[in-house]
Each structure stands twice: as structure tokens, then as C-alpha cells.
Amino acid sequence: MTVIDSLPTRTDQQMNPAHIHPEKLTDAGASPTTTNPDVLTWVEEVAALTQPDYIHWCSGTQDEWSLLAEELVATGTLIPLNKNLRPGSFLARSHPNDVARVEDRTFISTERETDAGPTNNWVAPDEMRQTLKPLFSGSMRGRTMYVVPFSMGPVGGDISQLGIQLTDSPYAVLNMRIMTRMGQLAMDHITPGIEWVKTVHSVGAPLLNDADDVEWPCNDTKYICHFPETLEVWSFGSGYGGNALLSKKCFALRIATVMARKDGWLAEHMLLLKLTSPAGKVFHIAAAFPSACGKTNLAMLKPTLPGWNVETIGDDIAWLRPGTDGQLRAINPEAGFFGVAPGTGYDTNPVAMNSIWGNTIFTNVALTDDGDVWWEGMTKTPPAHAIDWQGNDWTPDSGRLAAHPNSRFTVPIKQCPTLAEEWNESDGVPIDAILFGGRRATNVPLVTESLDWKHGVFMGATVSSEKTAAQEGTVGELRRDPFGMLPFCGYNMADYWSHWLSMGELLGDKAPRIFQVNWFRKGDDGRFLWPGFGENTRVLEWVVRRVSGEVEGRAVSVGTVPAPGELNLEGMTIPERDLEELFTVDPELWLAECDLTEAYFAQFGDRIPTALREQLADLHERLERSAHE
Ligand code: GTP
Ligand code: SPV
Ligand code: MN
């Protein structure tokens, strides 16, 4: 008898009233929804290890979603929001120790340590399996294990990939249905012999002896583990975001970077947008910024320049591949947004506000007295009273934040009013420009074009950015975050740079142009020099005018910046001094930055591509020259 046969079914009478009542789920969910022996064996093995009371094979239907949501309301994990104000929406409050990705608990297990590289936590695969075994052993007791099949990208698409997440978190299941193409169609495509990614997730909180469940089960011990060589993810102890929705950072970035390197494509922490000029010319832009550095905002930008239009394709992850015409084409592998709530308001991001009208899961935001949500920056005037993200009474003068700084909304991408019609194209959209960015109070100009692809890769490789609340740790601390990928590259970062260089060779003169942007430069008085948000259209306009050969630019030591008058400032007021400061390149400060880059590169030893060493030497020389001018 197989493990699956031995597990109770939906009609079994020994249900634990304290957890999900599986009898409400359709009977179909009790039996396997595939005949693929690879899937069946794997599900059996994981069930034998984790010992769930039930297995539910997810169909991905709306009925299933609604039933699960209902069950989570009954157990207190989800609070239904006011149906008139926020229909079909729920609030979840996580455990206060489970609020963000845990980078120091994130591991890459490759046979050789150098394949993970100095920027990843490495543990040998065998050793990691030995560590995980006792943790996962019995970890799903008293719970249901959900089998969640999903496709990243349109099911069956050229650039798409398939995966299954096994999880004991129904909250994760609900989120996965929003974030991916989840359901039977994906399962039907997981046929014997094809490549698919196995992901296993347990909150690590077995329910023993009919114990009552808690609202947010998790474990103080957390492990987010990747086995790129066998296309596996094992995540233990957390129910939050990138730790638990394994399609996202674990699969679509860490595992996918390894797949992409092998097969000649790119898996990136990038937004995708479509920009149409007043003359009707269409451009597609991909932009890589670190976590909580403005991807969602740029992807949904409301242009302040008349006649320009931005449409949204993706806000977090892009997979890029040369098309048959030799152009780099990109898809958004996701199907939803897991966006930062604080700072999102009608004045900063009206498109996001209009996307989350309903059918949205909010996590760690505040609950208003009329049953709606609130967070810092949502409205200018805060509510007089609310329940904060930890479930306590809150008033504007309580001296605490109402919402956690990394509180988020999960919403289907189809609700985005500016969604581009091409968002679902299986061969993606052609990319005209790539932007790299970060949060830099100093040094980095508002916009700089790279001299060529190699210099662009150097720009991406040397990005530094101030840390945000998206990861556990100290907010504001400056750190290297190459390509916004520091926590997401599943292999040696220096090899990743080599891969980017070789993609440039492959693309040749069809390669998109590369730019660096920085919305976050500050004056001596600590205020942002650039208004940002909708006004970033002005930067996009200059970028595409460069791509179209309509503007000359001005050569500076770090690249090409707008020549005087080229940045369209019509209809906005910005002090002349601020504008000057936004583009100031101080050779002394940049030379100091070069020294830091040299030390940074040194940790990669001889895996650093020669081209990047040459780029550093050339930059050094240009800066020396300008310092003596
Ligand atoms: P992840 O989902 O964590 O990968 O983040 P993201 O890059 O999508 O970040 P998001 O767009 O949600 O931005 C996070 C924060 O940056 C919010 O607090 C925004 O208010 C702020 N932000 C975004 N764009 C701008 C801008 O142009 N200027 C300034 N000053 N702040 C911005
Ligand atoms: C990020 O941190 O870059 C995110 C949020 O997009 S999470 O999915 O939690 O990683
Ligand atoms: Mn992200």
C-alpha cells in the first residue's frame, strides 16, 4: 500500500476540529489529480516524511479558493474585510517574528561551495538534507498537505516553467493562486520526463493531540533551502512572502537563474513596462531595483508628461530570452502582485490603489473601524482609530506604526487598470532598454547611460543600495546589491556577471541599451532632490529618446547623462541647484567608490570576468582625468 492510499480521505470521520475542515473541500481534492509517477512518488515521499493528516490536491478553482478562505476565517488566520468597501478581501496578521524574508537563513546547496559563491550561504547538499530531515519529519502532523501545481508564465509557453509546491499553509495556497497560474491545467502539463521544479514548504508547527491552532503558525527555526542541481526548494518555519510563496524568489529567481545560465536566458528581479510616446511609438523597458526600491511604482507609473502612456506587464520578476529575431524578449512569469503597502497611496501610486479594490489579501496592515485597511502613506489623514498590524488598538498619537513597514497586498494582475494587453504573450515583449537602480542618497546621478553592454553590466554589478524593510536587518545600511539580485542569485555572482556578458555577445547590436537610475538622491538637508513617482516619466522619456537617437547626451566620467535642456522639465518646478546636484559626479567620491569596488571584486578571486576588471580600470582612469581637469 502506498502512503497516499493509507492517508484518510475527505469522508474520514476523525477530523481535527481545530484545523482546516477538509470535508468542505471537494471530494476530488482527496485523490491524485495526475497519473505522472514522478509526481505521485514525490508526493508520497514527502507525505511519509511530514505525516500530514490529509492530502488535498488543488484544482485551482474559485470555489476551492473561497472554501479555503472561509476555513481560514473560521480559524482566525484571515479577517474578512467590509464587503462594501473591499469585496472578497481579507487581512492576515503574521507572527511578529515572521514579517520578511530571512536572508541569513537562506541557503544554496550545490556540490561545490564555489558554485554558490561568496555572496550566498552555502551548505553541502547531503549535509543540508541531514539537517532538514528531522525538521520536516512529522512537521505536518495534524494538518493538511496541499499539492499546488503551477506554471510560471502562460501554461505551455515558450519561456514558461512548471512547478509544484507542497505546503501545509492554506494561506500560502491562497496567495499562490493569485501569484501564479495555479491549478489543473498546470498539473496536466507536468508529464513524465519533462523538467519541473519540486518545492516543499512547511510552517513547522505540527498540531499535536487535537491542540488548537494559532492564527499564524510558524517556527523560530527557519531554513529556506535551494538545491539548484536537482531543481528543489525546501522551506521550513516561515509563512511569510518570499519565504513561503516558493514560486517567487525561490523558484523564479534562485532556481531559475541556474536554469537560465544553462539554457542561455536571464531570470531577473525586474519590472516590465510598456511605454508609448505621444507619436504612438512603443517601447518596452525592464528595470532591476533591489527590494522595496520602486519597481511596483515604476511599473504602474502615471505619466505627468502629456501624451505619454505607461502600461504594466510585471512588477517584480522578468524572464528574458533572445527571440527568433535575435531581440531580447521578456515575460513576467507571475500572475499577481505581492506589493509593498506602506507608501502606496492615491498620490504616489493610484494604479496600485485602483488594483486592490477587492479580491486582495492584505498582510500586516492596519484594520480600520469600518472594516477596511490602512497603512502609513495610504491617505494624508490617518484614521482616528485603528487596530494595528499586531492586533492592538492604535491612534495617530500612539507613537507606533499602524502597518508593518514590510506589510503587503496580494492581488491578481488582471485587476491592474493599466495592464498591457501583451502581458500574457507566451513569447513576451521585445526589450528596448534595461535600467539598473538602487537607493543612493549620494553619488549616483538621476540617470546615466552606459557606454556599451559591458559597461552596463559593470554598472549593474556595482550597484549599492540602502537596505529596506523587505529583508530582516538594519534599514538604511548601504550594501552592494548587484542587479538587485544579491539575495536572489542561485549561483556564484561572478559567474552570473559572466553570463550577462556572454548574453551581450550573443545579442550583439540587437542588445538593449543599459542605463542606471537613482530616484533617491538627497540634498544636504536630507530631502529627496527628485520628486520621483509620476515625474520619473521625464527620465523614461530621455531614455527612449536616447534609444531612438534623438538626443546627444553629455559625456561624463561615469557614462552619458542628459545634456542641458535634454531632460524635459516642462510643467514642473525644480530648483536649478537641485537639478545640478542630481547630476553631480564628484571624482574624489567616485574614486573612493572604485576602491570599494576593487575590494568587493577581490572576494570573487579569479572568477571575476576580465571585462569587469577592465571596466573598473577604465572608470578609474576617466575619473583621474576628470579630477585633474
Ligand atoms: P519589492 O516588491 O520588495 O521587490 O519592491 P519594489 O521594488 O516593487 O518596491 P515598491 O515599488 O513597492 O517601492 C517601495 C518604496 O519605495 C515605497 O515606500 C515607495 O513609496 C518608494 N518609492 C517608489 N518610487 C519612488 C520614487 O520615485 N521616489 C521616492 N522617493 N520613493 C519611491
Ligand atoms: C522582495 O523582497 O523583493 C519581494 C517581496 O518582492 S518577497 O516576495 O517577500 O521576497
Ligand atoms: Mn522583489
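Laboratory data are not the source of any read-out in this text; all were calculated from the coordinates shown. On a predicted model such as this, the values are computed, not experimentally measured, just so you know. Please note: Cβ atoms are built from the backbone with ideal geometry, for glycine as well, and neighbour counts cover all protein chains shown.
Taking the beta-carbon count within 10 Å as an exposure proxy, list Lys83, Lys380, Lys302, Lys222 from fewest neighbours to most. Present the calculation step by step, with values, prior to reporting the outcome.
Details: Lys83 11, Lys380 8, Lys302 16, Lys222 21.
Starting with the residue having the fewest Cβ neighbours, the order is Lys380, Lys83, Lys302, Lys222.
As a calculated quantity, the FRET efficiency between Val73 and Ala555 at R0 = 56 Å, using C-beta atoms, amounts to about 0.40.
Inverting the mean 1/r over all pairs of different Cα atoms, compute the Kirkwood radius of the range 524-618 and quote it in Å. Present the calculation step by step, with values, prior to reporting the outcome.
Working: mean 1/r = 0.0623 Å⁻¹.
One decimal place: 16.1 Å for the Kirkwood radius.
When the P(r) is computed for the range 307-440, the part past 27 Å accounts for 33% of the Cα-Cα pairs. Only beta bridges with both residues in the chain are counted; by DSSP, about 65 percent of them are antiparallel. Each listed q (0.14, 0.20 Å⁻¹) maps to a log10 I(q)/I(0) for the range 336-415, found by the Debye formula over equal Cα scatterers with no solvent: -0.41, -0.83. Taking amide H as placed 1.01 Å from N in the peptide plane, Ala205 has no amide H partner under 5 Å among residues 5 or more places away or on another chain. Residues of the range 50-94 falling in the label zone of Lys414, defined by backbone nitrogen less than 20 Å from a point 7 Å along Cα to beta-carbon, are 58-70, 86-90.
With the convex hull constructed from alpha-carbon coordinates only, the range 418-565 shows a mean projected area of 11.2 nm² over all directions. One chain, two ends: Ala211 and Arg400. Fully extended at 0.36 nm per residue, the span grows by 64.7 nm beyond their Cα-Cα distance. If you take the alpha carbon atoms of the chain and fit the smallest convex hull around them, that volume is 150 Å³ per residue. In terms of its alpha-carbon gyration tensor, the range 192-235 comes out prolate; a/c meets the 1.5 threshold, and the first ratio a/b outweighs b/c.
In the P(r) worked out for the range 382-425, what percent of Cα pairs fall beyond 12 Å?
When all Cα pairs of the range 382-425 are counted, 69 percent exceed 12 Å.
Only helices enter the 222 nm calculation for the chain: every DSSP H run of n ≥ 4 contributes -39,500 (n - 2.57), and dividing by all residues gives -7500 deg cm²/dmol, rounded to 500. The value given for the range 25-70 is a Kirkwood hydrodynamic radius of 11.7 Å, derived from the mean inverse Cα-Cα separation. Where q = 0.10, 0.12, 0.24 Å⁻¹, what log10 of I(q)/I(0) comes from the Debye formula for the range 121-223, counting one point per Cα? With no solvent term, the Cα-only Debye profile gives -0.35, -0.50, -1.20.
Legend: calculated FRET efficiency, Glu588 to Asp369, from the Cβ-Cβ distance at R0 = 51 Å, rounded to 0.05, equals 0.40.
Averaging the sequence gap over all C-alpha pairs within less than 8 Å and six or more residues apart, then dividing by the number of residues, gives the chain a relative contact order of 13 percent.
With each label modelled as a point 7 angstrom along the Cα→C-beta vector, the Glu195-Ala48 pair spans 2.8 nm.
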